[in-house]
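Colleague: Got a structure for you, questions after.
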Amino acid sequence: MLKNITDGFSHIVQKITKKGRLTETQIQEGIRSIRLALIEAEVNIEAIKKFIAKLKEKALHQEIVKNVQAGDMLVKIVHDLLVETLGQEKISLNLKESTQITGVLLSGLQGSGKTTTLAKMAYRYKNKRDVLTVSLDFNRPAANEQLKILSKQAGVAFYDRGEEKNLKKIVHNVFQLAKRNAHNLIFFDTAGRTQIDEGALAELTEIHRFVKPDETLLVMDSMMGQQALPVANRFKAAVPLNGLIFSKFDSDNRGGAVLSVKEVVGVPVKFIGVGERIDELDEFDPKRIAERILGMGDIVGLVEKAKEVVDEEEAKRLSKKLKQNKFDFEDYLAQIRQFKKMGSLSSIVSMMPGMANKINPENIDEGEMKVTEAIILSMTPFERKEVIYFNNSNSRKMRVAKGSGTNLLKVNKVLKKFFEMKKMMKNFQNSRKMKKVLTKMGMNESDLKKISQKMEKR
């Protein structure tokens, strides 16, 4: 996620903060490096000019040059400017009162992930509103059926229009159904084209006129890079856009379009797709994205992800077992499965302070956890509980290796990791040791305070 620009900015930040007192020459060099990082990330040239102009105005102030902690102050200025460029605050859907119906229309090019994103939106809001999904894509034969399947996966209601293609009739029937069944949030899917033409925009304009949505969102493929900007402007000219959604954001190594779109198009990014699963859609938070770009990670986001998947009763049970030094392979397996629910390893690493630019996502083996699961599941229930029986027992290890389709080397590796995990989790029971471990991960007092405050609020 934004790897190229994160690597560039992280390197600049490390270089700046090592110098306690900065000269004007050093600040100028830092600004030049930042400009180069933005160019390499394919940020729009006009957006770069505005960013650098603001940076020069703030960074070259005499008070900053003289300050003892000038390096930290310059990083703070860059951070604030990134947040400003990205859109200041996170902006979610503008929902009406629950007694009223909110209509949300999704548009985008074919292949942008529009229909999948709609299903993710429906899944995200199903616990807040009574959701209904509708396909107004009359060009693709399987569009209606695809949304029907995805809506079932998301666990929300779906209006099946069948072969009906009369737009006015469909929209009328949808709102009547919503009133009868108390659906107060409707997501409308639209047709996508491989490229923008007048016919496609005219069709979208007509749909918008009949639906009269409260929110009109444009889904963009993050991998489009700078091509996304003129496309967004064309859609904006056709219908009043309230926000953008960048799909495949986890695969975007450059980040140029995301950093440019608010400045160039004037429409905020509201959501980002961070994976293929139905639950992998996040609100776009400019502050957190800016922190990631600067290599500061996103510890609050990481805690939130953990809180979503961790079962409180399970956590209490595990804590009790750890205190009694009874952590076994059944517990290890449960922890692996909960960890997998948080998302891909590469996305989790990108949220850890100081880790994004140290670990290459290409070197992260996403399949390793599957191998670990297979090895644990090849053990007998007795062996999972009584881990001591694996000590110096090659016959047991060989049997497990054969059952899991692996080898002795991999079984030994899993055993080693298990005992390391057991030791680490035992250390986490001690608050001082926990603080020490987190500090080694690159977190400071402010990060630890954020975690504490977040936990208290929940």
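The values are calculated or read from the model by the stated rules, or taken from the named source; none is laboratory data. The structure presented is a predicted model; accordingly, all values stated were derived computationally and were not measured. Please note: Cβ atoms are built from the backbone with ideal geometry, for glycine as well, and neighbour counts cover all protein chains shown. For the accessible areas, the whole protein counts, side chains as well, though only heavy atoms, and no ligand, DNA or RNA atoms are used. Shrake-Rupley method; radii C 1.70, N 1.55, O 1.52, S 1.80 Å.
Colleague: How far, in nm, would the chain grow between K423 and T194 when pulled straight, counting 0.36 nm per residue and subtracting the alpha carbon separation?
Modeller: In short, 77.0 nm is gained.
Colleague: What percent antiparallel are the DSSP beta bridges of region 72-195, to the nearest 5?
Modeller: Given both bridge residues lie in region 72-195, the antiparallel proportion sits at roughly 0 percent.
Colleague: Applying 1/(1 + (r/R0)^6) with R0 = 35 Å to the Cβ-Cβ distance of L377 and E145, what FRET efficiency is obtained, to the nearest 0.05?
Modeller: With a Förster radius of 35 Å, E is 0.45.
Colleague: Which value, in nm² and rounded to one decimal, describes the direction-averaged projected area of the C-alpha convex hull of region 37-167?
Modeller: 12.8
Colleague: Now a separate question. Where the centroid of each part is defined by its Cα atoms, how far is region 256-286 from region 144-162 in Å?
Modeller: When both Cα centres are located, 25 Å separates them.
Colleague: If I39, I77 are ordered by their accessible area, calculated over protein heavy atoms with a 1.4 Å probe, which sequence runs from highest to lowest?
Modeller: Largest accessible area first, the residues go I39, I77.
Colleague: May I pose another question? Please list, ordered by chain and number, the residues whose modelled amide H lies under 5 Å from the amide H of L185; skip anything fewer than 5 residues away on the same chain.
Modeller: For L185, whose amide H was placed from the backbone, the distant partners under 5 Å are T102, D130, L132.
Colleague: Okay, next question. Please state, rounded to one decimal and in Å, the Kirkwood hydrodynamic radius that region 202-242 gives when every pair of distinct Cα atoms enters the mean of 1/r.
Modeller: With all distinct Cα pairs of region 202-242 included, I get 11.0 Å.
Colleague: Under the rule a/c < 1.5 gives rounded, and otherwise a/b versus b/c splits prolate from oblate, where does region 112-176 land using the Cα gyration tensor?
Modeller: Oblate shape, in that a/c is at least 1.5 and b/c is the bigger or equal ratio.
Colleague: Let me ask something else about it. Å³ per residue of the Cα convex hull, for region 179-228?
Modeller: Spelled out: Cα convex hull of region 179-228, divided by residues, is 111 Å³.
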